[in-house]
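Below is one structure; the comments refer to it alone.
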Amino acid sequence: MERILASWESLSVSSGLLRFLDINLRGIGQVMFQNNPLTGILFLAAIGWGSYAAGVPQVAIAGVLAVVVSNLTAQWLRVDNDSLYSGLYGFNGILVGLALATFLAPGPLLWVYVILGAAVSVIVMLATTNIVKPWGSALTFPFVLTTWLLLLATYAFSGLAGTALPSGAVVTAFQSYPTSPLRLLDLVEGVFLSISQVFLKASGIAALLLLAGLAVSSLAAAVFALGGAILAVLTAHLFGAESDLITGGLLGFSPVLTAIALGTVFYQPSWRVVVYAALATVFTVITQAALNVALTPFAIPALTAPFVLVTWLFLLPRQCLEQKDPAARDIENPAAGA
């Protein structure tokens with residue numbers, strides 16, 4: 001694996017086109033904290049399969065377009081090369097593109113929105129990084145903020161329609177759900193879809209491709225992703241969340257990211273870190289449910305806001321938990337070095 005990556009790096013250095021391809025692949029991998037082009041290829045395959053299987057190929061196209069626009073914008077802004085070459089300016093952009101194409105109806109203005117959102121996400125990334133630098137990184141906050149504003153604005157524009165946006169009937173503060181036993185099949189489905197929903201996909205095959213992408217870069221990240229998904233599904237079931245949300249992975253994708261971030265990116269894995277990450281993962285499920293309710297009047301999805309909020313909260317105490325060396329962390333972390 002190292003030999004393959006070394007050969008690819010040599011080729012990238014010798015070709016501007018290959019270097020730009022490498023940057024985009026790393027940007028896709030950085031959605032789940034992996035600075036690895038092989039991971040990016042497997043993640044891209046997961047996005048492509050998930051979009052094809054759902055009959056929405058335009059979603060995958062929008063994601064690719066967005067990551068390219070994001071990195072072109074970063075180059076135009078003359079960001080530092082180390083961050084650019086690590087893919088730090090593409091991961092928020094691709095999520096913006098995937099989300100907009102998922103929630104909005106196809107049409108010419110959708111593509112204008114995707115290009116605009118991808119470019120703005122780089123600006124928000126730079127701004128957020130400057131603010132949070134003392135304790136952490138921007139994470140996917142630029143994606144969340146940019147997408148929220150773009151989706152909210154559709155209610156004021158007749159040229160854009162949020163055909164897949166949530167409505168007030170999806171989650172309400174006073175709705176109770178009948179308890180039901182958690183069958184093994186439901187558990188497995190919820191776990192795998194929690195992983196694939198990181199990229200807004202509901203596909204078990206996509207989840208396997210994502211886990212493979214994690215494993216080729218960091219076996220620990222794959223383990224924490226799977227463990228985080230299992231813990232999230234069990235937690236949501238324990239508290240009696242709506243079954244469709246659990247099995248659809250809609251309460252588990254943010255906890256998956258939290259588990260990877262705190263378990264492998266910001267801290268050296270240890271038993272204390274495992275417990276700390278598990279606590280944060282459980283709380284992310286609670287935060288996901290809370291934001292689902294809080295955002296109901298606005299009819300917009302929570303996206304990865306629960307992951308961002310909880311990870312920031314668990315980084316702020318700055319307790320001594322075998323924290324990684326900042327220089328090493330900046331290389332692995334999708335936003336720490338930006």
Work out, step by step, the length gained on full extension between Ala212 and Leu316: first 0.36 nm times the residue separation, then minus their alpha carbon distance; give nm to one decimal. 34.3 nm
For the chain, modelled as a Gaussian network with Cα springs under 10 Å, which listed residue fluctuates most, Val69, Val223, Val275? Val275
Suppose only helical runs count, i.e. DSSP H with n ≥ 4. What mean residue ellipticity at 222 nm does that imply for the chain under -39500 (n - 2.57) per run, divided by all residues and rounded to the nearest 500 deg cm²/dmol? -21000 deg cm²/dmol
Contour excess over end-to-end distance, with Cα ends at Ala294 and Arg3 and 0.36 nm allotted per residue: 99.9 nm
Leaving out ligands and nucleic acids, and using a 1.4 Å probe, what accessible area per residue does the chain come to in Å²? 43
Full-extension gain between Ala54 and Leu185, please, as 0.36 nm times their residue separation minus the C-alpha to C-alpha distance. 45.1 nm
Given a 1.4 Å probe and every protein chain left where it sits, what share in percent of the accessible area of the chain is carbon and sulfur? 71
Centre separation in Å (Cα based) which lies between region 19-60 and region 98-171: 19
Largest fluctuation, Ala241, Ala118, Ala232 only, Gaussian network model of the chain with Cα springs under 10 angstrom, belongs to Ala241
Could you check which residue among Ala280, Ala259, Ala290 shows the biggest mean-square fluctuation in a GNM of the chain with a 10 Å Cα cutoff? Ala290
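The values are calculated or read from the model by the stated rules, or taken from the named source; none is laboratory data. Values in this document were obtained by computation on a predicted structure and should not be read as measured data. Keep in mind that these areas ignore ligands, DNA and RNA; they rest on the heavy atoms of the full protein, side chains included. Shrake-Rupley method; radii C 1.70, N 1.55, O 1.52, S 1.80 Å.
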